[in-house]
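Input: a single structure, listed below in C-alpha cells.
Read-outs: derived from the displayed coordinates by stated rules, not from any lab. Model, not experiment: these values are computed from the prediction. Quick reminder, even Gly has a Cβ in these numbers, built from the backbone with ideal geometry, and neighbours come from all protein chains shown.
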Amino acid sequence: MQSKEAVGINISGGTTNWRKLLFDKLGSLLGLIVLMIILTFASPYFLTVNNLTNVLQQASINALVASGMLLAILTAGIDLSVGSVLALSISVSGIVIINFGLNPVLGILACLFVGGTAGMTNGLLLTKLRLPHPFIATLGMMNVARGLALIITGASPVSGFPDWIQFIGSGYIGPIPFSFILVIVAVIIFHYFLNRTTLGRHIYAVGGNIEAARLSGIDTDRVLTWVYTISGFMAAMGGIVLMGKVNAAYPLAGLSYELDAIAAVIIGGASFLGGVGTIWGTLIGAMIIAVIRNGLNLLGVSPDLQTVVIGAVIIGAVYIDVLRRQKK
Amino acid sequence: MQSKEAVGINISGGTTNWRKLLFDKLGSLLGLIVLMIILTFASPYFLTVNNLTNVLQQASINALVASGMLLAILTAGIDLSVGSVLALSISVSGIVIINFGLNPVLGILACLFVGGTAGMTNGLLLTKLRLPHPFIATLGMMNVARGLALIITGASPVSGFPDWIQFIGSGYIGPIPFSFILVIVAVIIFHYFLNRTTLGRHIYAVGGNIEAARLSGIDTDRVLTWVYTISGFMAAMGGIVLMGKVNAAYPLAGLSYELDAIAAVIIGGASFLGGVGTIWGTLIGAMIIAVIRNGLNLLGVSPDLQTVVIGAVIIGAVYIDVLRRQKK
Amino acid sequence: MGEIFLKMEKVTKIFPGVKALDEINLEVETGEIHVLLGENGAGKSTLIKILTGLYQPDGGSIYIKGDAVKSNSPQQALAAGIVPIYQELNLIQELDVTENIFMGREIKKIERFGILDREKMENRTKEILTELNQNISPTALIQDLGVGKQQMVEIGKALSVDVNLLILDEPTSALGKDEVKELFRTMRHLKEKGVTIIFISHKLDEVKEIGDRVTVLRDGKYISTKNIADVSEDDLVREMVGRDIKNQFPKVKIEKGAEALRVKNLSRAGVVNNVSLRAYRGKVLGIAGLVGSGRTELVRTIIGADRKDSGEIYIHGQKVEINHPKDALKYGMVLLTEDRKNQGLFLDQTVEFNCTSANLNKYKQNVLLDLTRQKEDTVGLIRSLQIKTPSTQTKVKQLSGGNQQKVVIGKWLNTEADIFIFDEPTRGIDVGAKVEVYNVINELTNRGVAVIMVSSELPEILGISDHILVISEGKVTAEFEAEEATQEKIMSAATINGGINNAV
Amino acid sequence: AEEYKISVVLKALNSDYWKSVKAGAEAAAEKYGVNLSVIGPNNETQVIQQINLLEDQLVKGVQGLVVAPLRPQAAKTVLEKAVSRDIAVITIDTDADFEGKTSFAGTGNFQAAEKAGKYFADILAGQGKVAIIRGAAGDYIHDQRVDGFMQGIEGTAVEVVSVQPADSSRGKAVNVMQNIIQSYPDVNAVYATNDEMALGAERALKSANQAGVKVMGFDGSPDALKSIRNGELTATVKQDSYGIGYTGVELMVKHLAGETVASEVPVPTFIIDQNNVDASIRDLTKAFSRDRLEVLFGEDVIAEVFAE
Ligand SMILES: Nc1ncnc2c1ncn2[C@@H]1O[C@H](COP(=O)(O)OP(=O)(O)OP(=O)(O)O)[C@@H](O)[C@H]1O
Ligand SMILES: Nc1ncnc2c1ncn2[C@@H]1O[C@H](COP(=O)(O)OP(=O)(O)OP(=O)(O)O)[C@@H](O)[C@H]1O
Ligand SMILES: [Mg+2]
Ligand SMILES: [Mg+2]
C-alpha cells in the first residue's frame, strides 16, 4: 500500500524532527555557551576540570526538581510546593533512618514515597476539589509540607547517613559527579517518557488544549494527578541528592527552590501557557543558573551585586533565545 | 436622541452588573465570614474593636501591593518583583529624606517614582525585548531591585521619619487605621479605573485574548507597560505604609510579599488565565490572609503548626468559593 | 466598469514549507461585492491578512485607489477604513457586547483620562444590533452567546467604524439561515452606500446570490476573475478544483445493520429535553435544526462531555454508563466537535500528534510508542483525506482552516470507532473537500459504522442522511426517512416551539 | 613573605552584623597583607548555596578558608574536603565539628542568648511574662537564640507566654506584636531573636501605649543602639562581630605562617543597654567610618557621643 510518495513524507518528517530538536535545544544552549565563554575570560579558575565538575554537581538538585516542574508547566500549571515537599521527604527519610534505625534503602524509598504522595495530594486537590489553579493547591502544600517537616523533626536537623547515601550527593565516578549521572539518567528517561509514552504525550495534549484533550477521551484528571505526583517524586529525588551532599536532613531545606526550578524550565524554553517545552531545555536552564552562581562566586562578587547580576543574566539569557527565534 | 428604552436597558444593564459584582465579591466574602466566625469562637480576643482595627492595618500593605498584582494577573501575567521594588523604593526614599535631608514630601514622591520606574522597566523589558513571559522580566527585576536596595543602603536600615509619614503607617482616624483608609481610596479608584476607563477595559481585553485585542487596534504593549508601571507604583505605595508603620526603610523589606499578593488576588477570585478578577475580590483576599495570620497569633499556635494551618486555610478558603460556584 | 478601489499585483507570500501565495493579482472595484473563491489552503485568508497588514508580503505591491501602499500594519489598514472580519472569531470572551464592539475605539466622556461613556456606547451598540435585526443585549457577555451570535457581534463591530472596504472571511460558516439573510441584507445596504466588500465563502449558492465578481485562487496561484452572473456553480467548481465534480452528494446506500446506539429519554436541564434516538450500523442519522436548537448540547451529552440529568444509553444493545468522553471512546463512540480550534485541535502540536492523540494506546509497544507506525498511519490519513501539509511534523496552526478540519477528522478515523458523531463536519471546508468528507462517511458506513451527523446545511442533511431527526429547543419535533423529507418539512419542524419545561 | 590567599565565607552579607564581621576580616587582611575575598549567600537560610560557595573556593587555590557555617552539620563534608586538599579551615561565629579544623573564633549564639536570658531575669527581678518573637521556624540560628534564652531564664519565675515567628522582618514583627498584645495584654517583656524584630515589636508596643514593656533584641545593630539611646529599646545582645572577623583572619595568617594557634579563641559577648550604649557606638568606629556613623545615627548624636 505504501507508495514512494508516502515514504517521502515519512523521511522528511523524521529529518525535520531532529533538526527541530537540535534547534530547540540550541536556543538556551547558545545562552549557556555565551555565558561560559565570558566566564572563561573573566576567571582563570572557571574552565578547570575541578570547577566544571563542581558546576555539574551544583546544577544537579535544581535539574532534578526542575524536571518535575517542567511537567507542571507543560500542563499550563505550576508547582510551588517543590521546595517544601523536598524538605518533608528528606525529613521523614532522615527520621526513619537515623532515629528509627530503618534500613537506609527503605528510608530512601520512604523519601520518594513521601514526595510522590505529597505531589499526588496536590494533584488530587486540584482535580477532585476542582481548585481553580494549581497555584492554590501547591501554595497550600508549600506551607503544609514545610510545617509538617518542622513538626516531625522538632525543627532540628537529622544527620549521620551511611556512606552510600553521601555518595549520591557528593561522590564522583571518574571526574563526573554521581549526582549528575543521576540527572542524565533522569533526563533520558524523561525524554523518552515525554515523547514516547502515552502519558507523556497526554501531558502535552492537556497543556496544549485541555478541552480538546478531554473530548479526545483523555482522562485529564488522571494526567494532572500523575504530573503533580511525578513533580513531588522528583522533588524528593532532588532531596536525596541534597541529603547526601550535606549528610543531613533539615526541615528548612529547599527554601525558594521553586523559583530556581521555574526559572530553569522557562529559561529552557518552556511556555507558561502549556504544551511547549523540552527536558533538554530544562537541563540547560538549570546549567545556566548554576554557571551564573558559580561564576559570580569565582569572581568574588559581593552577594548584593550578585543578586543584581543574576537578575540581569536571567533576562539576558532569555533574551538571547528571543533574538535567535526572531532570526529564524 | 435618548429614548426611554435605551435608558431602560442602561439601568437593567446596571442592575445585572451590580448583582454580579455582589456575587463575585460574595465568593471570597463567604470564606472570610466563615473564617471570622470560627475565630470568634476560638478566641475571645478576636472580635474586639482593637483587634479588628489591627487586622485592617495588617491587611493594608498587602492589599495595596495586591492591587497592582491584580492588574498583572488580569493580563495573564505575574509580577514577582513587587517585594523587591517595595524595598528599593523605600530605600531610596529613606536615603534621600534622612541622609540627604530632602523635603519628606519630595522623598515620598521619589518613593512612588522609583516604584513606578522599576515597574515600567518590567513592562518595557517584557514588551520591547519581547521576553516570553513576565515571569522572566519580573524575576530578573526581583533580583536586581533587591540587590540595588542592599547596595544603596549599605544593608543598614534608615530610620527616623517625620510624624506624618509615621501616621500613614500607624495612625488612626477615629477607630480606622489611616492605612486602611488609603486602601479603601485605592480600591475605589481601582474599581473605577478598571471598569470605567479605556485603559482599565483594555487590561481585561489584553488578558482575555491578547491577539484579538491587538487586532482591534489596541496598543497591547502600551497597556502592558502601564500595568507593570502601576504594579510597581502600588508596591511603592505599600512601601510607604510599611515605612511609616515601622518608622524605617530597610533593604530586606517586602521579602516574599509577592506570594502574599498573588494569594490575595487568586483567593479573591481572579484567574491566572487572565481577563477575570475584581479589585473587591482582591481586597477580601488580602483580608482573609491577614485574618488567618492574626488568628494564629491570637491562639498562640506554635510556629511550626502555623505554617500548616495557613496552607490548609488557603486551600479551604478557595474551596468554599469553588463550592459556591458549583451551586450556582 | 467602476473605479478600481484595490489592486494587488504579483503578491507573494512564503511560509516555511509552503508558497501560500504565488504572484497573485486581485482587482476590486469600488462598491462591488467581490468574492474570493478557492479550495482550503488556496491562500484566501493569507491574501486578506496581507491586505490588512497582519502579514508582510514577500513580494508584490498593493494599491489603494491607485496609491501604492508602502508600509502596512493593522492600525494603518483600520485607519484607511479597511475593516476585516477574520475567519477565526476575535472577540474577548470576558467582556460584554458593547465593549467588544467598541474595543480600541471607545467613546469617551473625558478624553484626557479615558473615562468611558458607557451610555453612549450602549445606545450605539443597540442601534447597530437593531440594524442587523439582532436581539442581543449590549451588556451580555460574549462567552454567554452562541457562535452564531458572536459572529453577528463581529459584524456589528465592523459596522461600527467608517468602513471603505469590508472584508468578510467565511462569515457565514457559523451563521444560521436567518442570520445569513440579515448579513446579506446588511451587505447590500452597505454596497448601496458605496462600501466595497470582499467576501469569502465555500457555499456556492451564497456566492451566486450575493457576489458581483469572483476571483478564483488555486494552490496559491491566481486562476481567473469573472462576473458571477456569467458563470454557473459548476463552472466555479471547475475553476476551483481544476476538474469537474459530478456528484455533490455521493450517497452510497448500505444495508441497515444492527442497532449500534440507542438513546432513551435523555435530558439535560434547559438544553436537552427527553430525546430518544437510534442509530444503526451502516446508516447515517442526520440531525437538523436551527442554530441554537440544542443539537450540539445533545451530542455532547451523549458522549459524556456534559453531564446528563436523566436518560439511558445503550450501545450494541448493552446499557452503558457514560460520564466522560473517555467512556464513550471505550465503547467505540466518538464525537467530532463543531469548534475545531477550541475543542478539537492541539494547535501548537504537529499533524502527527493530533492525528494520533485520541488513540495512542494503539501504538504502544511494550512501554514506548512506535513512532514508525504513527508516521505511517499519519501519512495514510494525510493521503486518504488529502490534507495539504508540508509534512507530518508541521504544526497544525500553520494549516489553513479547512485542512485543520481534516486533521480533526483524521484523529477520529484513527480510533477505529464504530459509532461516529459528526457535529457540523463540513463547516468551513471547500466543495471538493466536502465530497471527500462524504466519501469518508460512505466508507465508514460501508465498514458497518453507525454515523450521526449534525448539520445546519439542509442539502447536506438531505443528501447524506438515511434517517432524519429534527430538533427544536432541545426536543425532537419530527422524524423522517430520507426519501420522504424535504427542505420545507424540515424547516417547519425546526421552527416548532419545542417548549422546554423540564428545566425546573 | 608571599601573599596569603584567604577566603572568608559568611552566612550572609545583608545585615550590619555581617558587614561588621567583614570589616574586621578586612582590617586584619590589611594589616597582614592578605589577598582576601569575603563572600556569603543571599540570606541566612540558603544552606546549600553556602556549600556551593565553599566548593567554589576550593578550586580557586586559596590557602585558608575562614567560615561561618550556616549549618555546621551540612558543611562538614565540604570542609573536610578542603582540609584534604591542604586548605586550612577556621570557623568563626558558629563552630562546626569536623576532622582537621584549625581553630574556632567566637562564642556562639547559644551562649550569647543565655546571657540575654540572665539579663532579662535580672531586670525583671526574677519574674514576669515574656513573649518571644523569633526568626522563621526551623532556622538554626534562631533556634539557638531561643534555646539559649530559655537556658538563661531557667530556674527563675520568668515565664515565656508565647513564641511566635516573624521571619526576621521588622514589618512582620509589628503585626505579630500587635496580635500578642491582644491575647497577652499583661506581657512584661519581649525578647526578639534579632534587632530588626525587636525594633518592630517596640513600634507596636509604642502605638498601643505599652511603652513600659521591656524589649530586647539581638545583634547590636546601629539602629538598635540608636533606639536604646533614645530610651526605646531596652537592650540588645552583641557578639563582637568585628572582633570575630578580625580574629578569624588573624588566626589564619598565624597558622599559615607556621605558628601554633589555640583550638578555640573566645570572642566576647556583651549586653548593651542605656549604661553602655555610647561606648558601644564609639566602638563601632572599628567597623564603620565616622561619616557612615553620622549617616546612621545623625550628626548631632555622633557629636554628642564622641564629645563625652
Ligand atoms: N502562519 C502560517 N504559517 C505557515 N503556513 C501557513 C500559515 N498560515 C497559512 N499557511 C499556509 O498557507 C496556505 C494558505 O492558507 P490560507 O489560510 O490562506 O488558506 P485559505 O484559502 O484561507 O483556506 P481555508 O478555506 O481552509 O480557510 C496553506 O497551505 C497554509 O497551510
Ligand atoms: N457557553 C454557553 N453559554 C451559554 N449559552 C450557550 C453556550 N453555548 C451555547 N449556548 C446556548 O445554548 C443553546 C444551544 O446551543 P447549541 O450549540 O447546543 O445549539 P446547536 O443546535 O448545536 O446550534 P449551533 O449550530 O450553534 O451549534 C443556544 O441557545 C446557545 O446560544
Ligand atoms: Mg481561510
Ligand atoms: Mg452546534
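Normalised by 2.2 N^0.38 Å, where N counts its residues, the alpha-carbon radius of gyration of the protein assembly as shown equals 1.01. Kirkwood hydrodynamic radius computed over the range C:70-173 comes to 14.3 Å, based on all pairs of distinct alpha carbons. In nanometers and ordered shortest first, the copy-to-copy spacing of the A:LEU106 label point, defined 7 Å from Cα toward Cβ, is 7.3. Each Cα pair under 8 Å and six or more residues apart adds its separation to the average, and for chain D the resulting relative contact order is 19 percent.
Using C-alpha pairs under 8 Å with a sequence gap of at least 6, the mean separation divided by the residue count of the range A:35-178 gives a relative contact order of 29 percent. Computed from point charges on the beta carbon alone (+1 for Lys and Arg, -1 for Asp and Glu), the dipole magnitude for the range B:233-328 about its Cα centre is near 380 Debye.
A:TRP164 label point (Cα plus 7 Å toward Cβ) to equivalent points in the other copies: 7.2 nm, shortest first. Which is farthest toward the positive dipole end of the protein assembly as shown among C:ALA482, C:GLY211, C:SER61, measuring Cα position about the Cα centre, with Cβ charges +1 (Lys, Arg) and -1 (Asp, Glu)? Value: C:ALA482.
Pairs exceeding 25 Å between alpha-carbon atoms, taken from C:LYS246/C:LYS283; D:LYS129/D:LYS206; C:LYS126/C:LYS341: C:LYS126/C:LYS341. In plain terms, the residue of C:LEU6, C:LEU89 with the fewest other Cβ atoms within 10 Å comes first and the most crowded comes last, giving C:LEU89, C:LEU6. Scalar couplings 3J(HN,Hα) for the range A:94-108, obtained by applying the Karplus form with A = 6.51, B = -1.76, C = 1.60 to θ = phi - 60°, are x, 5, 5, 6, 7, 7, 9, x, 5, 3, x, 4, 5, x, 5 Hz; x denotes Gly and Pro. Gain on full extension, evaluated as 0.36 nm per residue between C:GLU484 and C:ARG278 minus their Cα-Cα distance, stands at 72.3 nm.
Along the charge dipole of the range D:1-134, pointing to its positive end and built from +1/-1 on Cβ of Lys, Arg, Asp and Glu, which listed residue (D:GLN46, D:LEU70, D:PHE120) has its Cα farthest out? The Cα lying farthest towards the positive end belongs to D:PHE120.
Each pair of Cα atoms in the range B:53-95 enters the Kirkwood radius, and Stokes-Einstein at 10 °C and 1.306 mPa s then converts it into a translational diffusion coefficient of 137 µm²/s. For the range B:48-327, treating each Cα as an identical point scatterer without solvent, what Debye log10 I(q)/I(0) comes out at q = 0.08, 0.10, 0.13, 0.15 1/Å? One equal scatterer on each Cα of the range B:48-327 leads to -0.32, -0.50, -0.86, -1.12. The trypsin sites (Lys or Arg not before Pro) found in the range C:423-504 that occupy coil by DSSP, while having at most 14 further C-beta atoms within 10 Å, are C:ARG447. With a ≥ b ≥ c taken as the square roots of the eigenvalues of the C-alpha gyration tensor of the range C:7-77, please select rounded if a/c is under 1.5 and otherwise prolate if a/b is larger than b/c or oblate if it is not? Since a/c reaches 1.5 but b/c is at least a/b, the shape of the range C:7-77 is classed as oblate.
Once the Cα atoms of helix D:170-183 and of chain D are each reduced to a long axis, what angle between those two axes, in degrees from 0 to 90 to the nearest 10, is obtained? On a 0 to 90 degree scale, this one is about 40. Projecting the Cα atoms of B:ILE90, B:LEU102, B:GLY281 onto the charge dipole of the range B:48-327 (Cβ charges, centred on the Cα centre) puts B:GLY281 farthest toward the positive pole. Give the Debye-formula value of log10 I(q)/I(0) at each listed q (0.10, 0.15, 0.16, 0.17 Å⁻¹), with one equal scatterer per alpha carbon of the range C:4-241, two decimals each. Ignoring solvent entirely, the Cα scatterers give -0.48, -1.04, -1.17, -1.29. Residues C:LYS319, D:LYS286 in ascending order of nearby Cβ atoms (within 10 Å, fewest first): C:LYS319, D:LYS286.
Dividing the radius of gyration of the alpha carbons in the range D:33-80 by their Kirkwood radius gives 0.95 for Rg/Rh. Here the Karplus curve 6.51 cos²θ - 1.76 cosθ + 1.60, taken at θ = phi - 60°, turns the phi angles of the range A:225-239 into couplings of 4, 4, 4, 6, 4, 5, 4, x, 4, 5, 4, 5, 4, x, x Hz, with x standing for Gly and Pro.
Considering only beta bridges that DSSP places wholly inside the protein assembly as shown, some 45 percent are antiparallel.
With 22 Å as the limit on Cα-Cα distance, the pairs of C:LYS65/C:LYS191; C:LYS13/C:LYS221; C:LYS149/C:LYS326 that go past it are C:LYS149/C:LYS326. Any chance you could give the angle, 0 to 90 degrees and rounded to 10, that helix C:371-385 forms with the longest Cα principal axis of chain C? Value to nearest ten degrees: 70. Fewest neighbouring Cβ atoms within 10 Å first, the residues D:TYR191, A:TYR319 line up as A:TYR319, D:TYR191.
Is chain D best put as rounded, prolate or oblate by its Cα gyration tensor, with a ≥ b ≥ c the root eigenvalues, rounded for a/c under 1.5, and otherwise prolate when a/b is larger than b/c, oblate when not? Cα axes put chain D in the prolate bin.
Once C-alpha pairs closer than 8 Å and six or more residues apart are averaged by separation and normalised to the residue number of chain C, the relative contact order reads 16 percent. The distance between label points at C:GLU259 and C:ASP162 comes to 6.6 nm (points 7 Å beyond Cα on the Cα→Cβ vector). Distances from A:ILE33 to itself in the other copies, using label points 7 Å out along the Cα-Cβ axis, amount to 6.3 nm in increasing order. According to the square roots a ≥ b ≥ c of the eigenvalues of the Cα gyration tensor, what is the shape class of the range D:1-73, taking rounded for a/c under 1.5, prolate for a/b larger than b/c otherwise, and oblate for the remainder? Here the range D:1-73 falls in the oblate category.
Its Cα gyration tensor gives chain C an equivalent ellipsoid. The semi-axes, each the square root of 5 times an eigenvalue, are 38, 28, 23 Å from largest down. Taking chain B as the region of interest, the number of lysine pairs whose Cα atoms are within less than 28 Å, with members eight or more places apart or on different chains, is 5.
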